[in-house]
Amino acid sequence: MNNRYSRQELFSPIGKDGQQQISNKHVLIIGVGALGSASAEALVRAGIGKLTIVDRDYVEWSNIQRQQLFTEEHAKNRIPKAIAAKNRLIAINSSVNIEAIIADASALELEDWAKEADLVMDATDNFETRMIINDVSQKVGVPWIYGACVGSYGISYTIIPGKTPCLSCLLETVPLGGLTCDTAGIISPAVNMVVSFQISEALKILVGDMDSLRNKLVSFDLWKNQYSAIQVDKLKKKDCPSCGPQRSYPYLSFENQTKTAVLCGRDSVQIRPSVPMVRDLEALEKILAKQTGAVQRNPYLLSYSENAHRLVIFKDGRALVHGTKDISEAKALYHKYLG
Amino acid sequence: MKVTLNGEWTQIPDNIIFVSDVLKHYKIHDKVVVVEVNGGILSKLEHQSTRLADKDRIEIVHFVGGG
(Lines give C-alpha, C1' and ligand atoms only; values in the text may rest on other atoms or scores of the structure.)
Protein backbone atom coordinates (compact mmCIF):
# COMPACT_ATOMS: atom_id res chain seq x y z
CA MET A 1 0.00 0.00 0.00
CA ASN A 2 1.57 3.29 -1.05
CA ASN A 3 0.27 6.73 -0.19
CA ARG A 4 -0.24 8.02 -3.72
CA TYR A 5 -3.66 9.55 -2.95
CA SER A 6 -2.74 10.92 0.49
CA ARG A 7 -2.82 14.61 -0.54
CA GLN A 8 -6.22 14.21 -2.16
CA GLU A 9 -7.52 12.38 0.93
CA LEU A 10 -6.21 15.18 3.16
CA PHE A 11 -8.46 17.56 1.22
CA SER A 12 -11.47 17.27 3.51
CA PRO A 13 -14.33 17.52 0.93
CA ILE A 14 -12.90 14.33 -0.59
CA GLY A 15 -11.27 12.49 2.33
CA LYS A 16 -10.75 8.72 2.49
CA ASP A 17 -14.43 8.04 1.79
CA GLY A 18 -14.40 10.23 -1.30
CA GLN A 19 -11.26 8.55 -2.54
CA GLN A 20 -12.91 5.16 -2.11
CA GLN A 21 -15.88 6.41 -4.16
CA ILE A 22 -13.64 7.77 -6.92
CA SER A 23 -11.93 4.39 -7.18
CA ASN A 24 -15.32 2.72 -7.82
CA LYS A 25 -16.44 5.12 -10.58
CA HIS A 26 -16.35 4.87 -14.35
CA VAL A 27 -15.92 7.98 -16.51
CA LEU A 28 -16.39 8.14 -20.29
CA ILE A 29 -14.37 10.79 -22.16
CA ILE A 30 -15.50 11.61 -25.70
CA GLY A 31 -12.53 12.91 -27.67
CA VAL A 32 -8.87 12.67 -26.74
CA GLY A 33 -7.46 15.85 -28.21
CA ALA A 34 -6.41 18.76 -26.02
CA LEU A 35 -9.31 18.69 -23.54
CA GLY A 36 -9.48 14.90 -23.51
CA SER A 37 -5.75 14.44 -22.86
CA ALA A 38 -5.81 16.81 -19.91
CA SER A 39 -9.07 15.38 -18.52
CA ALA A 40 -7.88 11.80 -18.83
CA GLU A 41 -4.57 12.51 -17.15
CA ALA A 42 -6.25 14.34 -14.26
CA LEU A 43 -8.78 11.54 -13.66
CA VAL A 44 -6.18 8.79 -13.90
CA ARG A 45 -3.87 10.61 -11.46
CA ALA A 46 -6.88 11.12 -9.15
CA GLY A 47 -7.40 7.34 -9.08
CA ILE A 48 -10.59 6.85 -11.08
CA GLY A 49 -11.67 3.19 -11.17
CA LYS A 50 -12.32 2.88 -14.88
CA LEU A 51 -11.82 5.26 -17.78
CA THR A 52 -13.17 4.81 -21.30
CA ILE A 53 -11.62 7.09 -23.94
CA VAL A 54 -13.00 7.43 -27.45
CA ASP A 55 -11.36 9.18 -30.40
CA ARG A 56 -11.51 8.84 -34.21
CA ASP A 57 -8.27 10.67 -35.06
CA TYR A 58 -4.50 10.05 -35.07
CA VAL A 59 -1.71 12.18 -33.59
CA GLU A 60 -0.28 14.95 -35.78
CA TRP A 61 2.62 17.35 -35.20
CA SER A 62 0.24 20.30 -34.74
CA ASN A 63 -1.32 18.50 -31.73
CA ILE A 64 1.75 18.26 -29.52
CA GLN A 65 1.85 21.97 -28.55
CA ARG A 66 -1.13 21.40 -26.24
CA GLN A 67 -2.28 17.75 -26.25
CA GLN A 68 -0.31 16.71 -23.20
CA LEU A 69 -0.37 12.93 -23.54
CA PHE A 70 1.31 12.87 -26.96
CA THR A 71 4.97 12.83 -28.04
CA GLU A 72 7.00 13.21 -31.22
CA GLU A 73 7.05 9.42 -31.63
CA HIS A 74 3.24 9.38 -31.75
CA ALA A 75 3.15 12.08 -34.44
CA LYS A 76 5.90 10.43 -36.52
CA ASN A 77 4.03 7.14 -36.53
CA ARG A 78 0.52 8.62 -36.75
CA ILE A 79 -0.62 6.59 -33.74
CA PRO A 80 -4.38 6.73 -33.09
CA LYS A 81 -4.98 9.16 -30.24
CA ALA A 82 -6.96 6.67 -28.14
CA ILE A 83 -4.06 4.19 -28.23
CA ALA A 84 -1.28 6.75 -27.68
CA ALA A 85 -3.25 8.16 -24.74
CA LYS A 86 -3.92 4.75 -23.21
CA ASN A 87 -0.23 3.81 -23.22
CA ARG A 88 0.77 7.02 -21.49
CA LEU A 89 -2.11 6.79 -18.98
CA ILE A 90 -1.15 3.24 -17.97
CA ALA A 91 2.40 4.45 -17.32
CA ILE A 92 0.97 7.16 -15.04
CA ASN A 93 -1.36 4.87 -13.06
CA SER A 94 -1.28 1.14 -13.76
CA SER A 95 -4.15 0.41 -11.36
CA VAL A 96 -6.75 2.19 -13.50
CA ASN A 97 -8.79 0.10 -15.91
CA ILE A 98 -8.45 1.98 -19.20
CA GLU A 99 -10.50 1.13 -22.26
CA ALA A 100 -9.41 2.82 -25.52
CA ILE A 101 -11.87 2.93 -28.41
CA ILE A 102 -10.91 4.13 -31.89
CA ALA A 103 -14.26 5.21 -33.30
CA ASP A 104 -16.50 8.00 -34.43
CA ALA A 105 -18.92 8.62 -31.54
CA SER A 106 -22.27 7.95 -33.23
CA ALA A 107 -25.63 8.02 -31.43
CA LEU A 108 -26.05 4.27 -31.14
CA GLU A 109 -22.58 3.53 -29.80
CA LEU A 110 -22.57 6.51 -27.49
CA GLU A 111 -25.71 5.31 -25.79
CA ASP A 112 -24.15 1.90 -25.13
CA TRP A 113 -20.98 3.43 -23.70
CA ALA A 114 -22.82 6.01 -21.58
CA LYS A 115 -25.06 3.37 -19.96
CA GLU A 116 -21.97 1.87 -18.37
CA ALA A 117 -20.58 5.19 -17.10
CA ASP A 118 -21.19 7.36 -14.02
CA LEU A 119 -20.22 10.55 -15.86
CA VAL A 120 -19.49 11.70 -19.42
CA MET A 121 -16.76 14.27 -20.06
CA ASP A 122 -17.06 16.35 -23.22
CA ALA A 123 -13.74 16.74 -25.00
CA THR A 124 -15.06 16.86 -28.55
CA ASP A 125 -14.33 19.51 -31.17
CA ASN A 126 -17.81 19.94 -32.64
CA PHE A 127 -21.44 20.65 -31.69
CA GLU A 128 -22.84 17.74 -33.66
CA THR A 129 -21.33 15.22 -31.24
CA ARG A 130 -22.16 17.40 -28.24
CA MET A 131 -25.85 17.42 -29.16
CA ILE A 132 -25.75 13.62 -29.34
CA ILE A 133 -24.00 13.44 -25.95
CA ASN A 134 -26.67 15.81 -24.59
CA ASP A 135 -29.56 13.61 -25.76
CA VAL A 136 -27.85 10.42 -24.60
CA SER A 137 -27.21 11.96 -21.18
CA GLN A 138 -30.92 12.77 -20.80
CA LYS A 139 -32.03 9.38 -22.07
CA VAL A 140 -29.66 7.33 -19.93
CA GLY A 141 -29.77 9.71 -16.95
CA VAL A 142 -26.03 10.25 -16.67
CA PRO A 143 -24.53 13.72 -16.07
CA TRP A 144 -22.13 15.30 -18.57
CA ILE A 145 -19.79 18.26 -18.47
CA TYR A 146 -19.58 20.53 -21.51
CA GLY A 147 -16.21 22.12 -22.15
CA ALA A 148 -14.81 23.94 -25.18
CA CYS A 149 -12.11 26.42 -26.11
CA VAL A 150 -10.77 28.48 -29.00
CA GLY A 151 -7.87 30.93 -28.92
CA SER A 152 -7.57 32.19 -25.34
CA TYR A 153 -11.28 31.70 -24.66
CA GLY A 154 -13.01 28.83 -22.92
CA ILE A 155 -16.42 27.81 -21.62
CA SER A 156 -17.90 25.08 -19.44
CA TYR A 157 -21.23 23.95 -18.02
CA THR A 158 -22.28 20.94 -15.97
CA ILE A 159 -25.49 19.24 -17.07
CA ILE A 160 -27.36 17.14 -14.50
CA PRO A 161 -30.42 15.36 -15.99
CA GLY A 162 -33.63 16.22 -14.16
CA LYS A 163 -32.07 19.26 -12.51
CA THR A 164 -30.22 21.75 -14.72
CA PRO A 165 -31.12 23.02 -18.19
CA CYS A 166 -29.57 20.87 -20.92
CA LEU A 167 -27.34 22.10 -23.74
CA SER A 168 -30.32 22.19 -26.09
CA CYS A 169 -32.14 24.58 -23.68
CA LEU A 170 -29.12 26.91 -23.62
CA LEU A 171 -28.36 26.94 -27.33
CA GLU A 172 -31.80 27.12 -28.99
CA THR A 173 -30.00 26.67 -32.30
CA VAL A 174 -26.93 24.57 -32.93
CA PRO A 175 -24.00 26.81 -33.82
CA LEU A 176 -22.59 25.46 -37.06
CA GLY A 177 -19.54 26.72 -38.88
CA GLY A 178 -17.86 28.50 -35.97
CA LEU A 179 -14.15 29.04 -35.46
CA THR A 180 -12.14 25.96 -34.51
CA CYS A 181 -8.74 25.40 -32.91
CA ASP A 182 -7.46 24.60 -36.40
CA THR A 183 -8.68 27.86 -37.89
CA ALA A 184 -8.41 30.38 -35.04
CA GLY A 185 -5.62 28.75 -33.04
CA ILE A 186 -5.51 27.79 -29.37
CA ILE A 187 -3.12 28.32 -26.47
CA SER A 188 -2.60 25.59 -23.90
CA PRO A 189 -3.58 27.61 -20.80
CA ALA A 190 -7.09 28.00 -22.26
CA VAL A 191 -7.29 24.21 -22.57
CA ASN A 192 -6.09 23.63 -19.03
CA MET A 193 -8.41 26.25 -17.58
CA VAL A 194 -11.46 24.59 -19.17
CA VAL A 195 -10.28 21.21 -17.94
CA SER A 196 -9.72 22.62 -14.43
CA PHE A 197 -13.38 23.70 -14.38
CA GLN A 198 -14.50 20.35 -15.80
CA ILE A 199 -12.42 18.16 -13.47
CA SER A 200 -13.37 20.12 -10.33
CA GLU A 201 -17.02 19.52 -11.16
CA ALA A 202 -16.29 15.89 -12.06
CA LEU A 203 -14.65 15.24 -8.67
CA LYS A 204 -17.65 16.77 -6.87
CA ILE A 205 -20.00 14.49 -8.82
CA LEU A 206 -17.82 11.42 -8.29
CA VAL A 207 -17.72 11.88 -4.49
CA GLY A 208 -21.44 12.74 -4.43
CA ASP A 209 -21.00 16.33 -3.24
CA MET A 210 -23.74 17.70 -5.52
CA ASP A 211 -24.39 20.76 -3.31
CA SER A 212 -20.92 22.05 -4.15
CA LEU A 213 -21.49 22.09 -7.92
CA ARG A 214 -20.96 25.51 -9.51
CA ASN A 215 -24.41 25.61 -11.13
CA LYS A 216 -23.34 28.41 -13.49
CA LEU A 217 -22.31 28.73 -17.10
CA VAL A 218 -18.69 29.85 -16.88
CA SER A 219 -16.52 31.48 -19.54
CA PHE A 220 -13.18 33.26 -19.59
CA ASP A 221 -10.67 34.89 -21.88
CA LEU A 222 -7.15 34.53 -20.56
CA TRP A 223 -5.69 37.04 -23.03
CA LYS A 224 -8.35 39.72 -22.54
CA ASN A 225 -8.40 39.05 -18.77
CA GLN A 226 -12.14 38.46 -18.65
CA TYR A 227 -14.19 36.06 -16.56
CA SER A 228 -17.92 35.52 -16.48
CA ALA A 229 -20.27 33.17 -14.64
CA ILE A 230 -23.99 33.23 -15.34
CA GLN A 231 -26.80 31.47 -13.47
CA VAL A 232 -28.80 29.94 -16.35
CA ASP A 233 -31.48 27.93 -14.50
CA LYS A 234 -34.17 30.19 -16.01
CA LEU A 235 -33.24 29.03 -19.51
CA LYS A 236 -34.53 25.51 -18.80
CA LYS A 237 -37.31 25.03 -21.35
CA LYS A 238 -40.51 23.18 -20.53
CA ASP A 239 -40.94 22.23 -24.19
CA CYS A 240 -37.28 21.23 -24.72
CA PRO A 241 -37.18 18.28 -27.16
CA SER A 242 -34.15 16.86 -25.34
CA CYS A 243 -35.04 17.23 -21.63
CA GLY A 244 -38.70 18.33 -21.45
CA PRO A 245 -41.65 16.07 -20.50
CA GLN A 246 -42.54 15.54 -24.19
CA ARG A 247 -38.98 14.75 -25.17
CA SER A 248 -38.09 13.08 -28.46
CA TYR A 249 -34.25 13.10 -28.30
CA PRO A 250 -34.02 14.72 -31.76
CA TYR A 251 -30.26 14.30 -32.10
CA LEU A 252 -30.50 10.54 -31.70
CA SER A 253 -32.67 10.25 -34.77
CA PHE A 254 -31.04 9.50 -38.08
CA GLU A 255 -32.47 12.59 -39.83
CA ASN A 256 -30.66 15.05 -37.57
CA GLN A 257 -27.24 13.52 -37.85
CA THR A 258 -24.57 14.59 -40.27
CA LYS A 259 -24.95 12.36 -43.30
CA THR A 260 -21.93 10.76 -44.81
CA ALA A 261 -21.58 8.67 -47.92
CA VAL A 262 -18.57 7.10 -49.58
CA LEU A 263 -18.60 8.02 -53.25
CA CYS A 264 -18.01 4.87 -55.26
CA GLY A 265 -14.75 4.69 -57.16
CA ARG A 266 -13.80 8.26 -56.35
CA ASP A 267 -11.81 7.77 -53.15
CA SER A 268 -14.07 10.43 -51.63
CA VAL A 269 -16.56 10.90 -48.83
CA GLN A 270 -19.51 13.28 -48.98
CA ILE A 271 -20.56 15.00 -45.76
CA ARG A 272 -23.89 16.79 -45.44
CA PRO A 273 -24.57 18.91 -42.33
CA SER A 274 -27.33 17.86 -39.93
CA VAL A 275 -29.42 20.99 -40.57
CA PRO A 276 -29.75 23.14 -43.71
CA MET A 277 -27.20 25.93 -43.80
CA VAL A 278 -25.67 28.50 -46.12
CA ARG A 279 -21.89 28.54 -46.00
CA ASP A 280 -20.18 31.92 -46.44
CA LEU A 281 -17.46 30.79 -48.84
CA GLU A 282 -15.74 34.17 -48.92
CA ALA A 283 -15.31 34.21 -45.14
CA LEU A 284 -14.17 30.60 -45.18
CA GLU A 285 -11.58 31.42 -47.84
CA LYS A 286 -10.05 34.10 -45.58
CA ILE A 287 -9.84 31.63 -42.69
CA LEU A 288 -8.37 28.79 -44.69
CA ALA A 289 -5.86 31.09 -46.44
CA LYS A 290 -3.97 31.17 -43.12
CA GLN A 291 -3.50 27.39 -43.23
CA THR A 292 -0.63 25.57 -44.93
CA GLY A 293 -2.73 24.14 -47.77
CA ALA A 294 -3.93 25.73 -51.02
CA VAL A 295 -7.34 27.43 -51.29
CA GLN A 296 -9.31 28.05 -54.47
CA ARG A 297 -12.78 29.54 -54.70
CA ASN A 298 -15.37 30.05 -57.40
CA PRO A 299 -18.93 31.34 -56.91
CA TYR A 300 -20.25 27.85 -56.18
CA LEU A 301 -17.62 26.08 -54.17
CA LEU A 302 -14.35 26.34 -52.33
CA SER A 303 -11.53 23.84 -52.60
CA TYR A 304 -8.85 23.34 -49.98
CA SER A 305 -5.94 20.95 -50.62
CA GLU A 306 -3.54 19.75 -47.98
CA ASN A 307 -1.14 16.81 -48.39
CA ALA A 308 -3.09 13.90 -49.88
CA HIS A 309 -6.53 15.36 -49.11
CA ARG A 310 -8.76 17.89 -50.81
CA LEU A 311 -11.86 19.35 -49.22
CA VAL A 312 -14.49 20.78 -51.54
CA ILE A 313 -17.11 22.83 -49.73
CA PHE A 314 -20.38 23.85 -51.37
CA LYS A 315 -22.58 26.82 -50.49
CA ASP A 316 -25.28 24.53 -49.11
CA GLY A 317 -22.85 23.28 -46.47
CA ARG A 318 -22.11 20.00 -48.19
CA ALA A 319 -18.47 18.93 -48.36
CA LEU A 320 -16.59 16.37 -50.39
CA VAL A 321 -13.44 14.99 -48.83
CA HIS A 322 -11.22 13.59 -51.56
CA GLY A 323 -8.31 11.27 -50.92
CA THR A 324 -10.03 8.93 -48.46
CA LYS A 325 -12.71 6.27 -48.30
CA ASP A 326 -12.65 6.35 -44.51
CA ILE A 327 -15.73 8.12 -43.12
CA SER A 328 -14.12 8.77 -39.72
CA GLU A 329 -11.06 10.34 -41.34
CA ALA A 330 -13.26 12.46 -43.61
CA LYS A 331 -15.39 13.66 -40.69
CA ALA A 332 -12.28 14.46 -38.66
CA LEU A 333 -10.95 16.66 -41.51
CA TYR A 334 -14.36 18.27 -41.98
CA HIS A 335 -14.73 19.25 -38.31
CA LYS A 336 -11.10 20.32 -38.10
CA TYR A 337 -11.52 23.08 -40.67
CA LEU A 338 -15.26 23.75 -40.72
CA GLY A 339 -16.19 23.41 -37.04
CA MET B 1 -21.67 55.19 -21.57
CA LYS B 2 -19.60 53.16 -19.14
CA VAL B 3 -20.65 49.68 -18.14
CA THR B 4 -19.16 46.69 -16.37
CA LEU B 5 -18.68 44.12 -19.10
CA ASN B 6 -17.64 40.64 -17.95
CA GLY B 7 -16.23 42.19 -14.80
CA GLU B 8 -14.28 44.95 -16.59
CA TRP B 9 -15.20 48.65 -16.32
CA THR B 10 -15.60 49.44 -20.03
CA GLN B 11 -16.41 52.51 -22.14
CA ILE B 12 -18.85 51.61 -24.93
CA PRO B 13 -19.81 53.92 -27.84
CA ASP B 14 -22.77 56.30 -27.30
CA ASN B 15 -24.70 54.92 -30.29
CA ILE B 16 -25.24 51.68 -28.39
CA ILE B 17 -28.84 51.54 -27.16
CA PHE B 18 -29.90 47.90 -26.95
CA VAL B 19 -28.17 44.69 -25.88
CA SER B 20 -28.18 43.61 -29.53
CA ASP B 21 -26.06 46.71 -30.35
CA VAL B 22 -23.37 45.58 -27.90
CA LEU B 23 -23.30 42.16 -29.54
CA LYS B 24 -22.86 43.83 -32.95
CA HIS B 25 -20.18 46.17 -31.60
CA TYR B 26 -18.13 43.21 -30.37
CA LYS B 27 -18.91 41.26 -33.57
CA ILE B 28 -20.54 38.37 -31.72
CA HIS B 29 -24.08 38.98 -33.00
CA ASP B 30 -23.93 35.94 -35.28
CA LYS B 31 -22.79 33.65 -32.46
CA VAL B 32 -24.92 31.80 -29.95
CA VAL B 33 -24.73 33.83 -26.75
CA VAL B 34 -26.22 34.02 -23.27
CA VAL B 35 -26.52 37.57 -21.90
CA GLU B 36 -27.18 38.71 -18.34
CA VAL B 37 -27.86 42.37 -17.46
CA ASN B 38 -27.77 43.44 -13.79
CA GLY B 39 -28.21 39.86 -12.64
CA GLY B 40 -31.18 39.08 -14.88
CA ILE B 41 -30.78 36.60 -17.70
CA LEU B 42 -32.29 37.57 -21.09
CA SER B 43 -34.03 35.46 -23.68
CA LYS B 44 -32.86 35.84 -27.26
CA LEU B 45 -35.87 38.04 -28.13
CA GLU B 46 -35.06 40.38 -25.25
CA HIS B 47 -31.64 41.18 -26.75
CA GLN B 48 -33.41 43.45 -29.25
CA SER B 49 -35.67 45.18 -26.70
CA THR B 50 -33.49 45.56 -23.61
CA ARG B 51 -32.11 49.10 -23.29
CA LEU B 52 -28.78 49.64 -21.62
CA ALA B 53 -27.97 52.37 -19.14
CA ASP B 54 -24.82 53.84 -17.62
CA LYS B 55 -23.23 51.58 -14.98
CA ASP B 56 -25.12 48.48 -16.07
CA ARG B 57 -23.46 45.17 -15.29
CA ILE B 58 -23.40 43.04 -18.44
CA GLU B 59 -22.21 39.46 -18.68
CA ILE B 60 -21.89 37.92 -22.13
CA VAL B 61 -20.98 34.27 -22.69
CA HIS B 62 -20.65 32.96 -26.23
CA PHE B 63 -20.57 29.30 -27.15
CA VAL B 64 -17.58 27.81 -28.91
CA GLY B 65 -17.00 24.30 -30.20
CA GLY B 66 -13.23 23.75 -30.16
CA GLY B 67 -11.47 21.29 -27.97
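The figures follow:
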item: Residues satisfying the stated conditions in the range A:166-181, i.e. more than 8 Å from chain B (Cβ to nearest Cβ), within 17 Å of the chain's Cα centre (by Cα) and in a helix (DSSP H, G or I); result: A:Leu167, A:Ser168
item: Verdict on A:Gly154 being closer than 20 Å to A:Gly33 by Cα and not assigned by TED's automatic domain parsing to the domain that holds A:Gly317; result: yes
item: Among the candidates A:Ser219, A:Ser228, residue that is within 14 Å of another protein chain (Cβ to nearest Cβ), crowded, with 16+ Cβ neighbours inside 10 Å, outside any helix (DSSP H, G or I) and within 20 Å of the chain's Cα centre (by Cα); result: A:Ser219
item: Exclusive hit being farther than 18 Å from A:Met193 by Cα and out of contact with any His (no Cβ under 7 Å at 6 or more places or on another chain), set A:Glu60, A:Glu41; result: A:Glu60
item: Only listed residue being without any contact (Cβ under 8 Å) to a residue 24 or more places away in the chain and over 14 Å from A:Phe314 (Cβ atoms), chosen from A:Lys286, A:Lys290; result: A:Lys286
item: Total residues in the range A:248-269, condition part of a loop (DSSP other than H, G, I, E, B) and either more than 19 Å from the chain's Cα centre (by Cα) or of a type in the set (Lys, Arg) (or both); result: 7
item: Matching option when the condition is within 12 Å of chain A (Cβ to nearest Cβ), among the acidic types (Asp, Glu) and farther than 28 Å from A:Ala34 by Cα, among B:Glu8, B:Glu59; result: B:Glu8
item: Single condition B:Gly40 does not satisfy, out of (1) farther than 24 Å from A:Cys149 by Cα; (2) touching a residue at least 40 places away in the same chain (Cβ under 8 Å); (3) within 14 Å of chain A (Cβ to nearest Cβ); result: (2)
item: Restricting the range A:128-149 to residues that are without any contact (Cβ under 8 Å) to a residue 40 or more places away in the chain and within 14 Å of chain B (Cβ to nearest Cβ), the residue that is nearest to A:Leu110 (Cα to Cα); result: A:Arg130
item: All positions within the range A:122-156 that are in a strand (DSSP E or B), aliphatic (A, V, I, L, M) and more than 11 Å from the chain's Cα centre (by Cα); result: A:Val150, A:Ile155
item: Long-range neighbours under 8 Å by Cβ, at least six apart or interchain, first residue outside the structural domain of A:Ala84 (by TED's automatic domain parsing) and surrounded by fewer than 16 Cβ atoms within 10 Å (Cβ to Cβ) within the range A:100-122, second assigned to a helix (DSSP H, G or I) and among the hydrophobic types (A, V, I, L, M, F, W, C); result: none
item: Total residues in the range A:231-249, condition of a type in the set (A, V, I, L, M, F, W, C) and at the interface with chain B (Cβ under 10 Å from one of its Cβ atoms); result: 2
item: For B:Asp14: the one exception among (1) within 14 Å of another protein chain (Cβ to nearest Cβ); (2) surrounded by fewer than 17 Cβ atoms within 10 Å (Cβ to Cβ); (3) more than 11 Å from the chain's Cα centre (by Cα); result: (1)
item: Qualifying position, being crowded, with 18+ Cβ neighbours inside 10 Å and of a type outside the set (Val, Ile, Thr), among A:Pro161, A:Pro165; result: A:Pro165
item: Any hit, the range B:44-53, residues being within 10 Å of another protein chain (Cβ to nearest Cβ), surrounded by 13 or more Cβ atoms within 10 Å (Cβ to Cβ) and over 10 Å from the mean Cα position of the chain (by Cα); result: yes
item: All positions within the range B:9-42 that are in contact with a helix residue (DSSP H, G or I) (Cβ under 8 Å, 6 or more places away or on another chain) and under 16 Å from A:Leu235 (Cα atoms); result: B:Val32, B:Val33, B:Val34, B:Val35, B:Val37, B:Ile41, B:Leu42
item: Only listed residue being within 23 Å of A:His335 (Cβ to Cβ), free of Cβ contacts under 8 Å to residues at least 60 places away in the same chain and not basic (Lys, Arg), chosen from A:Ile313, A:Ile230; result: A:Ile313
item: B:Asp21 vs. criteria exposed (fewer than 14 other Cβ atoms within 10 Å of the Cβ), out of contact with any Asp or Glu (no Cβ under 7 Å at 6 or more places or on another chain) and more than 30 Å from A:Asp182 (Cβ to Cβ); result: no
item: Residues that are in a helix (DSSP H, G or I) and among the hydrophobic types (A, V, I, L, M, F, W, C), drawn from the range A:193-216; result: A:Met193, A:Val194, A:Val195, A:Phe197, A:Ile199, A:Ala202, A:Leu203, A:Ile205, A:Leu206, A:Met210
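One line per residue, one yes/no per condition, for (1) surrounded by fewer than 24 Cβ atoms within 10 Å (Cβ to Cβ); (2) away from chain B (no Cβ under 13 Å); (3) touching a residue at least 40 places away in the same chain (Cβ under 8 Å):
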| residue | (1), (2), (3) |
| --- | --- |
| A:Ala34 | no, no, yes |
| A:Ser37 | no, no, yes |
| A:Glu41 | yes, yes, yes |
| A:Gly47 | yes, yes, yes |
| A:Leu51 | no, yes, yes |
| A:Asp55 | no, no, yes |
| A:Tyr58 | yes, yes, no |
| A:Arg78 | yes, yes, no |
| A:Ala82 | no, yes, yes |
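The values are calculated or read from the model by the stated rules, or taken from the named source; none is laboratory data. Source: prediction; values computed, not measured. No Cβ is skipped: glycine too gets one built from the backbone with ideal geometry, and neighbour counts run over all protein chains shown.
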